[in-house]
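Asks: Quick one: the structure is below, questions incoming.
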Amino acid sequence: MPGTTALREVLRLPAGERPDLGRFDPAAVPAGPADKVAALAAVAAMSGRLASLQERLYAASTAGDRRRLLLVLQGMDTSGKGGTVKHVIGLFNPSGCRVRAFKAPTPEELGHSFLWRIEKALPQPGEIGIFDRSHYEDVLIARVRELVPRSRIRRRYTQINQFEESLADDGVTVVKVFLHISYEEQRERLLKRLDNPEKHWKFNPGDIEERSAWPAYQEAYELALERCSSEAAPWFVVPADRKWYRNWAVSRLLLEHLEAIGPRYPEADFDVEECRSRLLAT
């Protein structure tokens, strides 16, 4: 984005500052394309560059480069986490992506630290990891539903920061995106699921009850965004009422972070000309 401010600077939350989500417009277009047509064209234009950077990232890992990228998606139900995952996968070679959707912990997972299942799902060097929900559920729903004492929640903020700092030290670029949807838009999306028999499988009657806890979830998110937005792993707030903007913004964030990594194809560790001669002789 020559001559303009990078999107990651526009959407990035300042470290240690508690955001007031009520002041963030979920339907805003803070930077980039102004409409759906322009957004789709912009995504198409950057897809080749994204694919090239992914290939370079993987190629570099074959020569010992440990760098990789982890996209963490969080947001209220219907904010578009699954849709964003599907969109992102469409931009890359799926064989180089490691995708994990985190549901309620299993009995085995509950027997370990809350970070145990996260560590098992991390991308390997050269890969792009995508988390649909993440370790943040353990300071979000766990707080709202009072699944653990508040004192343990407070300790988890510190554990998360230490964990993410260790990831950064090990070559992981962590891109944390909060998909910010409005209360009204969520209602509309839930109604569309009810109105379409083919979408009934995506509807859970419990979603209606969860809406009653909307203020508590907003507070939980504000606390998580404040206490776990660091230099090593900042949070980005993406307005998510407009799906086309959401998809463009996440694509752009990935492009900017991959360009910052700057992966390069490794040099050959063999004599290229000698191998050419031998091959031509066969």
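The values are calculated or read from the model by the stated rules, or taken from the named source; none is laboratory data. A quick note: this is a predicted structure, and the numbers were derived from the prediction, not measured. Reconstructed Cβ throughout: ideal geometry from the backbone, glycine too, with neighbour counts over all protein chains shown. Note: areas computed on protein heavy atoms with side chains; ligands, DNA, RNA excluded. Shrake-Rupley method; radii C 1.70, N 1.55, O 1.52, S 1.80 Å.
Asks: How far is helix 36-61 tilted, in degrees, relative to the longest principal axis of the Cα atoms in the chain, given as a value from 0 to 90 rounded to the nearest 10?
Replies: 50
Asks: For a test of the definition: using alpha carbon positions, the gyration tensor, and the 1.5 limit on a/c, classify the stretch 2-66 as rounded, prolate or oblate.
Replies: Note, shape of the stretch 2-66 comes out oblate.
Asks: Mind checking Rg over Rh on the stretch 145-282, alpha carbons, Kirkwood formula for Rh?
Replies: Ratio value, two decimals: 1.19.
Asks: Please report the Cα spread of the stretch 1-137 along all three principal axes, rounded to whole Å, starting with the longest.
Replies: Principal-axis extents of the stretch 1-137 (Cα, largest first): 48, 44, 28 Å.
Asks: Still on this model: From the backbone phi of the stretch 114-119, what are the Karplus-calculated ³J(HN,Hα) couplings (6.51 cos²θ - 1.76 cosθ + 1.60, θ = phi - 60°) in whole Hz, Gly and Pro given as x?
Replies: 4, 8, 4, 5, 5, 4
Asks: So, one more: At 25 °C and 0.890 mPa s, what whole-number value in µm²/s does Stokes-Einstein give for the translational diffusion of the stretch 84-224, with Rh from the Kirkwood sum over Cα pairs?
Replies: This corresponds to a translational diffusion coefficient of 142 µm²/s.
Asks: Net charge near Arg150, counting Lys/Arg +1 and Asp/Glu -1 over other residues with Cβ under 15 Å of its Cβ?
Replies: After counting each charged neighbour, the total is +4.
Asks: Next question. From the helices alone, meaning DSSP H stretches of at least four residues, give me the mean residue ellipticity at 222 nm for the chain, per-run term -39500 (n - 2.57), in deg cm²/dmol to the nearest 500.
Replies: Taking each H run of at least 4 residues, the total per residue is -15500 deg cm²/dmol.
Asks: How big is the charge dipole of the chain about its Cα centre, in debye rounded to the nearest 20, if each Lys and Arg gets +1 on its Cβ and each Asp and Glu gets -1 on its Cβ?
Replies: 520
Asks: Using Cα pairs under 8 angstrom and six or more residues apart, how large is the relative contact order of the chain, in percent?
Replies: 35
Asks: Could you order Ile208, Ile130 by accessible surface area, starting with the largest, using a probe radius of 1.4 Å?
Replies: Order by accessible area, largest first: Ile208, Ile130.
Asks: So how do Asp138, Asp271 rank on accessible area, 1.4 Å probe, biggest first, that is with the largest at the start?
Replies: Reading off the accessible areas and sorting them downward yields Asp271, Asp138.
Asks: Let me ask something additional. How would you classify the stretch 119-171 from its alpha-carbon gyration tensor, with a ≥ b ≥ c the square roots of the eigenvalues: rounded for a/c under 1.5, else prolate if a/b is greater than b/c, otherwise oblate?
Replies: Taking the square roots of the gyration eigenvalues as a ≥ b ≥ c, the stretch 119-171 is oblate.
Asks: Could I ask something else about it? Please give me, ordered by residue number, the GluC sites (Glu not before Pro) of the stretch 127-183 that lie in loop per DSSP and have at most 12 other Cβ atoms within 10 Å.
Replies: When the GluC sites (Glu not before Pro) of the stretch 127-183 are filtered for loop state and at most 12 Cβ neighbours within 10 Å, Glu146 remain.
Asks: Along the stretch 88-103, what does the Karplus equation 6.51 cos²θ - 1.76 cosθ + 1.60 (θ = phi - 60°) give for ³J(HN,Hα), rounded to whole Hz, x for Gly and Pro?
Replies: Rounded to whole hertz, the list is 5, 4, x, 8, 10, 6, x, 5, x, 10, 10, 10, 9, 9, 8, 9.
Asks: Enumerate the amide H contacts of Leu70 below 5 Å, restricted to partners 5 or more residues apart or on another chain; note that Pro and chain-start residues carry no placed amide H.
Replies: The list, which skips near neighbours in sequence, is Gly129, Thr173, Val174, Val175.
Asks: Explain nothing, just compute: Karplus ³J(HN,Hα) = 6.51 cos²θ - 1.76 cosθ + 1.60, θ = phi - 60°, for every residue of the stretch 262-269 in order, whole Hz, x for Gly and Pro.
Replies: Whole-Hz 3J(HN,Hα) from phi for the stretch 262-269: x, x, 10, 5, x, 6, 5, 9.
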